[in-house]
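What follows is a set of notes on a single structure, which appears directly below.
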4 protein chains.
Amino acid sequence: MPFLSDNAAAVHPAVWAAMQGADGADRPYDNDALSQSLDEAFGALFGRECAVLWVASGTAANCLALAGMVQPHRAVICHRAAHIQVDECGAPGFFTHGAGLMLVDGDHALITPEAIANAIAPLRRDVHQVWPQAVSITQATEAGCVYTPAQVAAIGASARAHDLRLHMDGARFANAVAFLGCTPAAASCDGGVDALSFGCVKNGAMNAEALVFFDSHLADITRYNRKRSGHLQSKGRFMAAQLLAMLRGDLWLANARAANAAAGEIAAAAPGRLLHPVQANEVFMTLTATERDALRAQGFAFYDWGADGARFVTAWDADAGEVTALARALAGL
Amino acid sequence: MPFLSDNAAAVHPAVWAAMQGADGADRPYDNDALSQSLDEAFGALFGRECAVLWVASGTAANCLALAGMVQPHRAVICHRAAHIQVDECGAPGFFTHGAGLMLVDGDHALITPEAIANAIAPLRRDVHQVWPQAVSITQATEAGCVYTPAQVAAIGASARAHDLRLHMDGARFANAVAFLGCTPAAASCDGGVDALSFGCVKNGAMNAEALVFFDSHLADITRYNRKRSGHLQSKGRFMAAQLLAMLRGDLWLANARAANAAAGEIAAAAPGRLLHPVQANEVFMTLTATERDALRAQGFAFYDWGADGARFVTAWDADAGEVTALARALAGL
Amino acid sequence: MPFLSDNAAAVHPAVWAAMQGADGADRPYDNDALSQSLDEAFGALFGRECAVLWVASGTAANCLALAGMVQPHRAVICHRAAHIQVDECGAPGFFTHGAGLMLVDGDHALITPEAIANAIAPLRRDVHQVWPQAVSITQATEAGCVYTPAQVAAIGASARAHDLRLHMDGARFANAVAFLGCTPAAASCDGGVDALSFGCVKNGAMNAEALVFFDSHLADITRYNRKRSGHLQSKGRFMAAQLLAMLRGDLWLANARAANAAAGEIAAAAPGRLLHPVQANEVFMTLTATERDALRAQGFAFYDWGADGARFVTAWDADAGEVTALARALAGL
Amino acid sequence: MPFLSDNAAAVHPAVWAAMQGADGADRPYDNDALSQSLDEAFGALFGRECAVLWVASGTAANCLALAGMVQPHRAVICHRAAHIQVDECGAPGFFTHGAGLMLVDGDHALITPEAIANAIAPLRRDVHQVWPQAVSITQATEAGCVYTPAQVAAIGASARAHDLRLHMDGARFANAVAFLGCTPAAASCDGGVDALSFGCVKNGAMNAEALVFFDSHLADITRYNRKRSGHLQSKGRFMAAQLLAMLRGDLWLANARAANAAAGEIAAAAPGRLLHPVQANEVFMTLTATERDALRAQGFAFYDWGADGARFVTAWDADAGEVTALARALAGL
């Protein structure tokens, strides 16, 4: 019973159907009709003009976004737990030609305007010190928590005040919006986000993520960087098809709601054990090694989280019976 | 009637079937059973141990291969017409952190040992000059021509004599092997190729290429570089499934033969017009602007090739009727 | 009365003399007799074979050393206060093509084996995480403190145990050795240092630092990197002459002792104010803004250190009268 | 009798004097009074505002200039014989993070507007191809020839027409201006040069070159790049002193005239042997191996130039007797 991650979940049937529907001949790269319609489709979703590029991974989305924003001698402020810091093999340094990450702390992997201000306060602005040029936040965070629109806006205001660009790693953006019940714009661009890695792979797609620029100038350079990094696939229509399928009928939201609900059921089974509020599809709990062994003996798969904890992740295709089984097992510990 | 390129052809039904068969849960990245079986599957094909990584584009395959072979202060010898020089937006410089390309000439986009020797002859080996560290050849070439096993071996010997690694851009490797009628090993590793970009996308796959290392040490660093460049997809099983489907029952060869046959039919219709021998699935012909207009008026799509030429490319899914129609139209000019 | 830094001190007369003595014709770059004698001269100093390259700045020395040790997808463990982190405009990321710095803490800007172990403990060794490949320590530290031979050896042992290379930023290595009273080898290579930025500019030279490799393999690649980064000057004899002048008659030690003595006199004037032990030529003191104003009104120049502190740096050419004047002023506050 | 190169010539007494005059305490890096006066001094020389940075080598000057002009996915058009291509260990690729060099041909290592146009003509402007962003010309060229003001202006007009920046490698700019007898502006910025590597090391300085930006925006980013590449020396006053000494009383012109005159005397001795017009301080001649042996037996040192040629370079400090001796020896062959 798989609660290891949402990153290897099944592909949603509607995504399959859209991909197969795209198999007819069309122009290569992103010149096909589907790729050409992405700006409009996402523009409608966010209620503003945007420029959208498909890429094959969240790492590519995040790092291409940052490469368009940050010069090599500058840096990106991010949380110490951020995926770009912890799990991308230094890809930000590769794509940006050496820009650094300035790590800040914050409960539940959330960044605050104060953290940004504190990171900048000791710096001199001269040629000797590395000055940040962007902030990157994760929505939902690596601790499964969600920035409210007000929190995003506060960070956006802080970023602008410090002349920083704002990137949002939205590998689980859908889960965040499903939790918030707000518009996707309210959870991102309305608050000042310049570029959003709009995650689909963890939410029912196969291998397409949407890199959404709310500032089209950033997209211009990124088109070159996408090619230059080997991410401009020739049969791009299959990438666009995945993204469009996710948007159609708000599949992205429906899938995220299913994953969130499953996580909620698990969390509710042992509320006293929670390490973080459960606002998306990840549940972090205090669990001793003995307890974890007991769960695994019952067939549950999940990652340890430190010496005395565990992480359970649910996906859009979570099996109701397995979720309930896990909840009961946790309650019974 | 599409003869623009093979890069946007349809996905073969067997590839679709294999992808759908891979949708069951498995481990992420390349830890799934299919990805883990690639070394063995390609090892059987080439008759020797190899290490195989899936990537999403030919550019990624080529440049990851080169990045594993070439230090930043060195260079790659390649033909002036090579895809890595002409059509990859400088990706080799990005992946290698600045290594250069040393361009050589040669008929039909073929490199010879003499060309390699001539490129090196004027160089001093000191810290001031850029010394090559690899040769990259394209099989079949950008002019649709094929290196014989003897030619590959001669280049391999030249490379070794100069202490250079040998990369083969095999975007159309299948077409070359289909033409040669030899083993895939004879067309590549037997001749000294260290790393092969084994193309599948132009030959019936969707978005997976196989990067085949005949020296596993090169694969080690490339695993990091693949992740670092955003090319380690989380649902890698869909990538591996495509590659395995291409190998099963030698689908890769059958598809290439079909494409080659179509090209042969077109070439035979106007042999006096050929700019290069037609040995794979690309036909380059002398055609005036007026003649090109006449063909386009009949519904044929293709690229101009210089002021007085045209390029016709066939794919595995070439429609027999359309091919014959083009052949007749050419004959009738 | 200048206590801002030692980085703009005068050039020692013996250095001037050596430079002028080098003006006769000789071979360019580092082919001149003086440059060719560096390995032997430093080899005698350290009592072991070494390969020595002159470069024009401490930043160049540090970053060329790291570039020879660390692959782009790896990282360097260093103190949060390290010069490479704080004052080099991201140069390590530039020279290493994106390798990161993993920051650790420690009193007096000293790193401990425990800090190294703690930095590594949470890491997984897979393609997703950045694994360190080197440690860089500063001797004397940015807080003016000195690693004993035993401390260096402990760090060296820790580095080897974790398969890490060890770099020492010795911008003030002379001051450290002068304090320790040990051999230069005991303070560096005997403890496992692989490459040492042997600082001269702050200690009487004009613009030459010695990059000393105790592993000559590291020097090989660095010769290319020095050229490639524009640091291979054509009249290298003037660079080598500076370094040789520093070694002759142990001028480097005599100069450092003078600077240390001046710092000691200042420290002794107000021992209760010291923020760090004074072991080299930097004095960090608690001083209120009012007190700093009072000192500046008397003509003393120095940097603030936080809101309630100040830093005084002495150089080889410290004026005895000015030092005593500062000591008295501090005592009288 | 040394005619190998001008790159290891002696330091002019006026430069020595200026350096020694700069030894008094001043602010570090380029905050000293001398460094701060460079913009004005060169502004007066060129008759327009400029921003001037000292650096330690021609490679650093050239590559920092290009790094400020060219994005990583673009390229620099230069002559196949250009120093940046032939003798800088790939430094342009390092400083620009992978931008390429597009090589063109031309007699006497001169580039023409036609060569620029021909290089661009076959290119498509899309994300697949590398488009140039700058032209770099060498004044005087690597063949010892000089662009007239009209030729520079024609290239400048061509560059602007193609939206390219123009860099001039002026390692021997002084020799070119001495030959032309025009203003330095006429030989550079009046014709559209955006950045000039104003060479001093080959012309009497020790280790300081002037990087002159006629567009101050380019200097802004270069200040960071200079630091980031380890080229911001802390005792910058000694660098500025060298440059100012070269300008004072037009020492740079006087020195260049002396070197040119010596080259002229050598050239006049065997005009039938000249491979290129002798317009600066380099003489390229047809000389058989036997003839070269005969010269070397008489004590003359010089480089072979291909199988049947030789290069003689004169410097500001050429010994009149030695020059005459060489001229006689050549005449007597």
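The values are calculated or read from the model by the stated rules, or taken from the named source; none is laboratory data. Just so we're clear, the structure is a prediction, and the values are computed from it rather than from any experiment. Cβ: placed from backbone, ideal geometry, glycine included. Neighbour counts: every protein chain shown. Remember, those area values only see protein heavy atoms, side chains included, never the ligands or the DNA or RNA. Shrake-Rupley method; radii C 1.70, N 1.55, O 1.52, S 1.80 Å.
Assess whether A:I84 counts as being of a type in the set (A, V, I, L, M), touching a Cys at 6+ places or on another chain (Cβ under 7 Å) and surrounded by 23 or more Cβ atoms within 10 Å (Cβ to Cβ).
yes
Exactly one condition in (1) open to solvent by 10 Å² or more (accessible area, probe 1.4 Å); (2) under 25 Å from A:C89 (Cβ atoms) is not met by C:V76; state its number.
(1)
Could you say which residue among C:A178, C:A219, C:A208, C:A195 is crowded, with 24+ Cβ neighbours inside 10 Å, touching a Cys at 6+ places or on another chain (Cβ under 9 Å) and not charged (D, E, K, R)?
C:A208
Those residues that are touching a Gly at 6+ places or on another chain (Cβ under 7 Å) and of a type in the set (S, T, N, Q), I need them from the range C:105-156; list them, please.
Answer for the range C:105-156, where residues must be touching a Gly at 6+ places or on another chain (Cβ under 7 Å) and of a type in the set (S, T, N, Q): C:T112, C:Q139.
Please go through the range A:222-242 and pick out each residue that is without any contact (Cβ under 8 Å) to a residue 60 or more places away in the chain and open to solvent by less than 10 Å² (accessible area, probe 1.4 Å).
Taking the range A:222-242 and keeping what is without any contact (Cβ under 8 Å) to a residue 60 or more places away in the chain, we get A:224, A:227-228, A:230.
If the condition is that a residue be without any contact (Cβ under 8 Å) to a residue 60 or more places away in the chain and open to solvent by less than 10 Å² (accessible area, probe 1.4 Å), then A:K227, A:R228, A:G230 are the ones that fit.
Just to be sure, is A:L218 in contact (Cβ under 8 Å) with a residue 60 or more places away in the chain, closer than 25 Å to A:A159 by Cβ, in a helix (DSSP H, G or I) and more than 11 Å from chain B (Cβ to nearest Cβ)? Give the steps one after another, and end with the answer.
On the way: in contact (Cβ under 8 Å) with a residue 60 or more places away in the chain: yes; closer than 25 Å to A:A159 by Cβ: yes; in a helix (DSSP H, G or I): yes; more than 11 Å from chain B (Cβ to nearest Cβ): yes.
Spelling it out, A:L218 is indeed in contact (Cβ under 8 Å) with a residue 60 or more places away in the chain, closer than 25 Å to A:A159 by Cβ, in a helix (DSSP H, G or I) and more than 11 Å from chain B (Cβ to nearest Cβ).
Of all residues being in a loop (DSSP other than H, G, I, E, B) and among the hydroxyl-bearing types (S, T, Y) in the range B:33-64, which is surrounded by the most Cβ atoms within 10 Å (Cβ to Cβ)? Just the residue, please.
Looking at the filtered set, the residue picked out is B:S57.
Considering every residue within the range C:196-211, establish whether at least one is touching a strand residue (DSSP E or B) at 6+ places or on another chain (Cβ under 8 Å), over 30 Å from D:A22 (Cα atoms) and touching a residue at least 60 places away in the same chain (Cβ under 8 Å). Working first, answer last.
Applying the first criterion (touching a strand residue (DSSP E or B) at 6+ places or on another chain (Cβ under 8 Å)) to the range C:196-211 yields C:196-201, C:208-211.
Still in the running and over 30 Å from D:A22 (Cα atoms): none.
Scanning the range C:196-211, I find no residue that is touching a strand residue (DSSP E or B) at 6+ places or on another chain (Cβ under 8 Å), over 30 Å from D:A22 (Cα atoms) and touching a residue at least 60 places away in the same chain (Cβ under 8 Å), so the answer is no.
When the residues of the range D:129-144 are filtered to those that are within 14 Å of chain A (Cβ to nearest Cβ) and assigned to a loop (DSSP other than H, G, I, E, B), which remaining residue is surrounded by the fewest Cβ atoms within 10 Å (Cβ to Cβ)?
D:Q129
Does at least one position in the range D:121-128 carry a residue that is of a type outside the set (A, V, I, L, M), modelled with pLDDT of 95 or more and either in contact with a strand residue (DSSP E or B) (Cβ under 9 Å, 6 or more places away or on another chain) or part of a helix (DSSP H, G or I) (or both)?
no
Got a number for residues in the range A:223-236 being within 8 Å of chain B (Cβ to nearest Cβ) and within 13 Å of B:N207 (Cα to Cα)? Write out each step before concluding.
Taking the range A:223-236 and keeping what is within 8 Å of chain B (Cβ to nearest Cβ), we get A:224, A:227-235.
The next check asks that each one be within 13 Å of B:N207 (Cα to Cα); those that pass are A:230-235.
Number of matching residues: 6.
Looking at (1) within 19 Å of B:H108 (Cα to Cα); (2) in a loop (DSSP other than H, G, I, E, B), which one does B:A150 not meet, given that it meets all the others?
(2)
Specify which of the listed residues (A:A245, A:A187, A:A240) is touching a Ser or Thr at 6+ places or on another chain (Cβ under 6 Å), more than 10 Å from every other protein chain (Cβ to nearest Cβ), farther than 21 Å from B:R228 by Cα and of a type outside the set (D, E).
Among A:A245, A:A187, A:A240, only A:A240 is touching a Ser or Thr at 6+ places or on another chain (Cβ under 6 Å), more than 10 Å from every other protein chain (Cβ to nearest Cβ), farther than 21 Å from B:R228 by Cα and of a type outside the set (D, E).
Write out, first by first residue and then by second, each pair whose Cβ atoms fall under 7 Å of each other, whose residues are 6+ apart or on separate chains, and whose first residue, in the range D:71-93, is over 17 Å from D:G144 (Cβ atoms) while the second is open to solvent by less than 10 Å² (accessible area, probe 1.4 Å) and among the basic types (K, R).
D:H73/A:R228; D:C89/C:K227; D:C89/C:R228; D:G90/C:R228; D:A91/C:R228
Can you spot a residue in the range C:94-104 that is under 30 Å from C:F238 (Cβ atoms) and assigned to a helix (DSSP H, G or I)?
yes
Just to be sure I understand, how many residues within the range B:306-333 are charged (D, E, K, R) and surrounded by fewer than 17 Cβ atoms within 10 Å (Cβ to Cβ)?
Applying the first criterion (charged (D, E, K, R)) to the range B:306-333 yields B:308, B:311, B:317, B:319, B:322, B:328.
Filter once more, so that each one left must be surrounded by fewer than 17 Cβ atoms within 10 Å (Cβ to Cβ): B:308, B:319, B:322, B:328.
Of the residues in the range B:306-333, 4 are charged (D, E, K, R) and surrounded by fewer than 17 Cβ atoms within 10 Å (Cβ to Cβ).
Could you give me the residue pairs with C-beta distances under 6 Å whose first residue belongs to the range C:49-60 and is in contact (Cβ under 8 Å) with a residue 12 or more places away in the chain and away from chain D (no Cβ under 11 Å), whose second residue is open to solvent by 10 Å² or more (accessible area, probe 1.4 Å) and in a helix (DSSP H, G or I) wherever it lies, and which are 6+ apart or on separate chains?
C:E49/C:G43; C:C50/C:G43; C:A51/C:D39; C:A51/C:S216; C:V52/C:D39
For the range D:91-117, which residues satisfy the criterion of being aliphatic (A, V, I, L, M), away from chain B (no Cβ under 14 Å) and either open to solvent by less than 20 Å² (accessible area, probe 1.4 Å) or within 15 Å of D:T138 (Cβ to Cβ) (or both)?
Restricting attention to the range D:91-117, the residues satisfying the condition of being aliphatic (A, V, I, L, M) are D:91, D:99, D:101-104, D:109-111, D:115-117.
Subsequent filtering for residues that are away from chain B (no Cβ under 14 Å) retains D:109-111, D:115-117.
Once the filter is applied, which keeps residues that are aliphatic (A, V, I, L, M), away from chain B (no Cβ under 14 Å) and either open to solvent by less than 20 Å² (accessible area, probe 1.4 Å) or within 15 Å of D:T138 (Cβ to Cβ) (or both), the range D:91-117 yields D:A109, D:L110, D:I111, D:A115, D:I116.
Okay, residues lined up against (1) under 12 Å from the mean Cα position of the chain (by Cα); (2) more than 20 Å from C:D194 (Cα to Cα):
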position	(1), (2)
C:P122	no, yes
C:W131	no, no
C:T141	yes, no
C:A157	no, no
C:R160	no, no
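Pick out the one residue from D:D30, D:D26 that is of a type in the set (D, E, K, R), open to solvent by 20 Å² or more (accessible area, probe 1.4 Å) and at pLDDT 95 or above. Can you show your working first?
Numbers: D:D26 fails: at pLDDT 95 or above.
Exactly one residue qualifies, and that residue is D:D30.
Can you tell me how many residues in the range C:146-169 are touching a strand residue (DSSP E or B) at 6+ places or on another chain (Cβ under 9 Å) and surrounded by 23 or more Cβ atoms within 10 Å (Cβ to Cβ)?
11
Within 14 Å of chain D (Cβ to nearest Cβ), assigned to a strand (DSSP E or B) and of a type outside the set (D, E) - does that describe any residue in the range C:70-88?
Of the range C:70-88, the ones within 14 Å of chain D (Cβ to nearest Cβ) are C:72, C:83-88.
Of the ones still in play, those that are also assigned to a strand (DSSP E or B) are none.
The answer is no, given that none of the residues of the range C:70-88 is within 14 Å of chain D (Cβ to nearest Cβ), assigned to a strand (DSSP E or B) and of a type outside the set (D, E).
Would you pick out the residues in the range C:156-199 that are part of a loop (DSSP other than H, G, I, E, B) and of a type in the set (S, T, N, Q)?
Hits for the range C:156-199 are C:T183, C:S188.
Table: residues versus (1) touching a helix residue (DSSP H, G or I) at 6+ places or on another chain (Cβ under 6 Å); (2) in the same structural domain as A:G321 (by TED's automatic domain parsing); (3) of a type in the set (A, V, I, L, M, F, W, C).
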| position | (1), (2), (3) |
| --- | --- |
| A:L232 | yes, no, yes |
| A:K235 | no, no, no |
| A:L243 | no, no, yes |
| A:G264 | no, yes, no |
| A:G272 | no, yes, no |
| A:H276 | yes, yes, no |
| A:A280 | yes, yes, yes |
| A:T286 | yes, yes, no |
| A:R292 | no, yes, no |
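Tally time: how many residues in the range A:1-32 are within 10 Å of chain B (Cβ to nearest Cβ), aliphatic (A, V, I, L, M) and not in a loop (DSSP other than H, G, I, E, B)?
Total satisfying the criteria: 1.
Condition test on A:V278, is it open to solvent by 10 Å² or more (accessible area, probe 1.4 Å), under 22 Å from the mean Cα position of the chain (by Cα) and β-branched (V, I, T)? Show your work before the answer.
Values: open to solvent by 10 Å² or more (accessible area, probe 1.4 Å): yes; under 22 Å from the mean Cα position of the chain (by Cα): yes; β-branched (V, I, T): yes.
Answer is yes for this residue.
Assuming B:Y303 fulfils every condition listed in (1) over 20 Å from the mean Cα position of the chain (by Cα); (2) surrounded by fewer than 18 Cβ atoms within 10 Å (Cβ to Cβ) apart from one, which condition is it?
(1)
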